[in-house]
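Written out below as C-alpha cells is the structure these notes cover.
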Amino acid sequence: MAAQSGKDLLVKVDMDGTGVFETLAGLRATRLSFNAEQVDVTSLESAGGWRELLAGGGVKSAGISGSGIFRDAATDARARQIFFDGAVPDFQVVIPDFGIVEGAFQITAIEYAGSHDGEATYEVALASAGRLVFTAL
C-alpha cells in the first residue's frame, strides 16, 4: 500500500437511520483502534509454564476518536443529538485504499474548546456497540 493522506481517513455518520452517511464536519485528525481482550487459560499443566490464551474467547471492541473545528453543520447537530439521546446509530470509517469499517457506535464523549484568539474546536470519542463489518475497497 502506498502512503496515504490523513485527510482521506473519514468518519461518517448515518444521518437519519436510512443508511445515508455523511462525513462528520470539521474533523482534522481521526483515529480508529481495534481491541480484543485476552482469556487466560494457563494451568499447572501448561507447557513450560508459558501462558495460554483461549482462541476467540475475548470480547472484541473498536474505538474512534477525532478532533477538529466546530462548524455548526448538520453533522455536528446530529452528533450532539446522538450523544444526548444515548443512541447507537451506524457509523462508517473509510480507510483509504484499504476498506470501510461499518457498524453501530455510541458517542461516549464530546468536548468543545476555544480560545479568545482562535477557532472553536471539538473532540469526539466513540465506542463500538455491536458487530462491525469490514468491506475491502
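The values are calculated or read from the model by the stated rules, or taken from the named source; none is laboratory data. None of these values were measured; they are calculated from a predicted model. With ideal geometry, Cβ positions are generated from the backbone for all residues, glycine too; neighbour counts draw on all protein chains shown.
Among the residues of region 87-105, how many are within 11 Å of the chain's Cα centre (by Cα) and either among the aromatic types (Phe, Trp, Tyr) or in a loop (DSSP other than H, G, I, E, B) (or both)?
2
For region 106-137, which positions are within 12 Å of the chain's Cα centre (by Cα) and among the polar types (S, T, N, Q)?
Across region 106-137, the qualifying residues are Gln106, Thr108, Ser128.
Just one of the numbered conditions (1) assigned to a strand (DSSP E or B); (2) modelled with pLDDT of 95 or more; (3) hydrophobic (A, V, I, L, M, F, W, C) is not true of Ile82; which one?
(1)
Please enumerate the residues belonging to region 1-39 that are over 23 Å from Gly63 (Cβ atoms) and free of Cβ contacts under 8 Å to residues at least 24 places away in the same chain.
Ala3, Asp16, Thr18, Val20
Go through (1) of a type in the set (A, V, I, L, M); (2) in a loop (DSSP other than H, G, I, E, B); (3) touching a Leu at 6+ places or on another chain (Cβ under 9 Å) for Leu32 and report which single condition fails.
Every listed condition holds for Leu32 apart from (2).
For region 55-87, which residues satisfy the criterion of being without any contact (Cβ under 8 Å) to a residue 60 or more places away in the chain, closer than 29 Å to Glu119 by Cα and not small (Gly, Ala, Ser)?
Ile69, Phe70, Arg71, Asp72, Asp76, Arg80, Gln81, Phe83, Phe84, Asp85 - these are the residues of region 55-87 that are without any contact (Cβ under 8 Å) to a residue 60 or more places away in the chain, closer than 29 Å to Glu119 by Cα and not small (Gly, Ala, Ser).
So which of Gly58, Gly66 is in a loop (DSSP other than H, G, I, E, B) and either in contact with a strand residue (DSSP E or B) (Cβ under 7 Å, 6 or more places away or on another chain) or closer than 19 Å to Gly103 by Cα (or both)?
Exactly one residue qualifies, and that residue is Gly58.
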